[in-house]
Structure formats: C-alpha cells, structure tokens
1. Considering each of Ala35, Ala42, Ala76 in turn, give the residue that is of a type outside the set (Asp, Glu) and either more than 21 Å from Gln154 (Cβ to Cβ) or assigned to a helix (DSSP H, G or I) (or both).
2. Among the residues of the range 15-52, how many are surrounded by 15 or more Cβ atoms within 10 Å (Cβ to Cβ) and over 30 Å from Thr170 (Cβ atoms)?
3. Does Asp121 meet the test of being part of a helix (DSSP H, G or I), out of contact with any helix residue (DSSP H, G or I) (no Cβ under 8 Å at 6 or more places or on another chain) and modelled with pLDDT of 95 or more?
4. If only one of Ile46, Ile94 is in contact with a helix residue (DSSP H, G or I) (Cβ under 6 Å, 6 or more places away or on another chain), at negative phi and not polar (S, T, N, Q), which one is it?
5. If you check Phe189, Phe149, which single one turns out to be among the hydrophobic types (A, V, I, L, M, F, W, C), buried (at least 17 other Cβ atoms within 10 Å of the Cβ) and touching an Asp or Glu at 6+ places or on another chain (Cβ under 7 Å)?
6. For Phe190, are the conditions met, namely being under 17 Å from Ala80 (Cβ atoms) and modelled with pLDDT under 95?
7. Just to verify a result, which residue in the range 124-147, among those that are part of a helix (DSSP H, G or I) and of a type in the set (S, T, N, Q), is nearest to Ala42 (Cα to Cα)?
8. Are any of the residues in the range 98-105 aliphatic (A, V, I, L, M), assigned to a helix (DSSP H, G or I), more than 20 Å from Gln48 (Cβ to Cβ) and free of Cβ contacts under 8 Å to residues at least 12 places away in the same chain?
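The values are calculated or read from the model by the stated rules, or taken from the named source; none is laboratory data. All of these numbers come straight from a predicted model, not from anything done at the bench. Here the Cβ positions follow ideal geometry from the backbone for every residue, glycine too, while neighbour counts run over all protein chains shown.
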Amino acid sequence: MKIDKNEVLRYLGYKNQQISDDLHQKIDFLIQNAAETLKPKAVWDIFQPEFSEKVILKNTCLQFEGQDIFNHLKGAKKVAVMAVTLGIGAERAILKYQHTDMVSTVISDAVFDAFIECVADETEQQIKELAQKEGLYINSRYSPGYGDFPLNTQKMIISALNCEKKIGLTVTESDILVPRKSVTAVIGFFSEIQNKPFYKCLNCNMKDKCKMECDKNV
C-alpha cells in the first residue's frame, strides 16, 4: 500500500516552505519504514437499515442518532459499517521516538495519519466494488464525530463488528479508539448515483480549531 508523501506533508502543515534534503530523506525513510513494518487491519459488514427517528440497523445493536447521519443515509438500501486500524505498532513507534527524536515523532504521527486514511480508502473501495456487483452505488464514508453524529457511536460499532477480537481495536470510556491510528465509518448503498458532495472539513467538529491546509468553508 503506497503512502502519499504529499498527504504526509499536508498533515505536517507544509505550505511550500523550503525543506532540506536531510528532512526529505527522513520523511522518505519513515514512510518506507511504516509501509514495511506496520500491518493494518480492517473489518466491515453490511446491514439492512430501518429509518424512524434514527437510523437502526436490523439485528444489531447499532442505532445512529443525529440529523446529519440520518440525512447521509436516508434512502439507503443497505449500510456498510467499517473499522480500520494500523495496530499497536504505530503506538510503539511514536513512544520510541518520543524518547530519542522529537522530529521523527512529529513526522511519524503525520505518516501514520496519512497511512490510516489510505487503509480507509482501500476498504471503502472494496465496499464500492461489492455495491457495484449488486448494481448499487455508495456515498462517501461518514465517521462518528462528524457533524452531530455522536462520537460515542464508536462503542456500538466496535461491539457490532467484534473489533477487539478481529482486529485488536477497542474504545475507551471517553470514546477514544485504541490504537489511536484507527477509523470507524458508515457508508450507504443506493439505487441511484449519489452526486451530493460531502466535505469532511465542514462536517468536522474541530473545523474551527484545525490548522490543516484545507478549505473549511466548503
């Protein structure tokens, strides 16, 4: 799986500054090291939705509250629920660098952020291919914490997908995923192409505090 260096630079807050050859080499080394040593895992399943005041996935504990996720899934024939993680190796790498090399700590954190997005994108592609085989179309993935979709939905997703057993992913009482470099999300299956755009920055609860180089007004 290829980690996009441009995405790593974006997570580092790069804005066309001059970067030394030594720093480029360090970034390249840490990207290669992550790709070679980390073993990302993913799990996902497909469920039948039922729409009332909330989105209920039949025969599961999953009940999605919030108007934003309701609108995102409204009209869906099926709903995919996914979870991905880089595993404990990413946590250990950051802890190791914290004691020896703070530059590598910061870069590794950005590398792992870019890496987990790659894993999520690949998993979403697998879900898309399944939908296509059934003559259906997907919309973009939507994670707890976006808009008014409660972050505590993480617990239900972890339980419904049996994440602890299957991919070693758990969640704390404060709704933080462990290992941290992990993502959960839901995706709708529709009978028609979904052209409605979805902007992650606009729907993120941290948009007003985030320093990432993106357009927070869309």
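1. On inspection, the qualifying residue turns out to be Ala35.
2. Of the residues in that region, 2 qualify.
3. yes
4. The unique qualifying residue is Ile94.
5. None of the others qualify; the one that does is Phe149.
6. no
7. Gln126
8. Yes, the range 98-105 has at least one match.
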